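See below for the structure under consideration.
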Amino acid sequence: MTDSVVSKPFSSSVGDYVKAIWDLGGTGAASTKEVAERLSVSPASVSNMFVRLQEMGLVRHERYHGASLTDSGRVEALRLVRRHRLIETFLLEHLGYNRQEVHEEAERLEHAVSDGFTERLAEFLGHPEYDPHGEPIPATDGTLEVENSVPLTEARAGTRVRISKVRNDDAPILDHLEDSGLVPGRPLSVLQVRELDGVVIVEDEDGKTHALGEPLARSVFVREALGGA
Ligand SMILES: [Zn+2]
């Protein structure tokens, strides 16, 4: 099992695990419970898999602290994340999928395509920097843009911002934001950030104002726009 690390592609479940640990833990550890919830499997299967991933050199597993990725685990995770995000971009831009549909389809397809396909896809798409959710696409060498966006709840009133990404697992919330035109790339003026109830009021480029309750405002990530736009 250990010898297969470099030579053979990993099984799709190994891929799902390293991606989940990367997403949940960042540079730190992801707990058994978190990973079990994310992948809809039992905590016992997660514990078993953590041991296996450790044997494969992909994670460090410490009891009570969960699992964190080793350097090769991180490389593997980012390779899959690159593939996933490029596929999502392709589905949205060329096959008529909407933003809510691309993730699930990409989850399936990412296990079926090769690295060669992924690079041709990147070429075809013109080497996009961001996926349809506004998440940065890792480079082929596994480098990833440093996160510099904040949720609208942390934006400052009076600033011009641009939506960098929309992050929420709740489909009705995503639909609502999309229907309101609050999608990655959209510029906004922040009119009010109310501490009292967490409501954020923004104005879009057409002069329409949107009052977003806290759950919505927390799902919309923005970057301050430099020099207008
Ligand atoms: Zn996705």
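To put it simply, the accessible area of the chain at a 1.4 Å probe is 51 percent carbon and sulfur.
For E154, the solvent-accessible surface computed with a 1.4 Å probe is close to 120 Å², ligands and nucleic acids excluded. Cα convex hull, segment 150-224: 71 Å³ per residue, rounded to a whole number. Of all the Cα-Cα pairs you can form in the chain, what percent are over 30 Å apart? In whole percent, the share of Cα-Cα pairs in the chain beyond 30 Å is 33. Across segment 4-69, the convex hull enclosing all Cα atoms gives 73 Å³ per residue.
Here is the list for segment 180-229: GluC sites (Glu not before Pro) lying in DSSP coil, each with at most 16 other C-beta atoms within 10 angstrom of its C-beta, are E195, E205.
The values are calculated or read from the model by the stated rules, or taken from the named source; none is laboratory data. All values derive from a computational prediction rather than experimental measurement. We place every Cβ from the backbone using ideal geometry, glycine too, and count neighbours over all the protein chains shown. Just the protein is used for accessible areas: all its heavy atoms, side chains included, with ligands, DNA and RNA removed. Shrake-Rupley method; radii C 1.70, N 1.55, O 1.52, S 1.80 Å.
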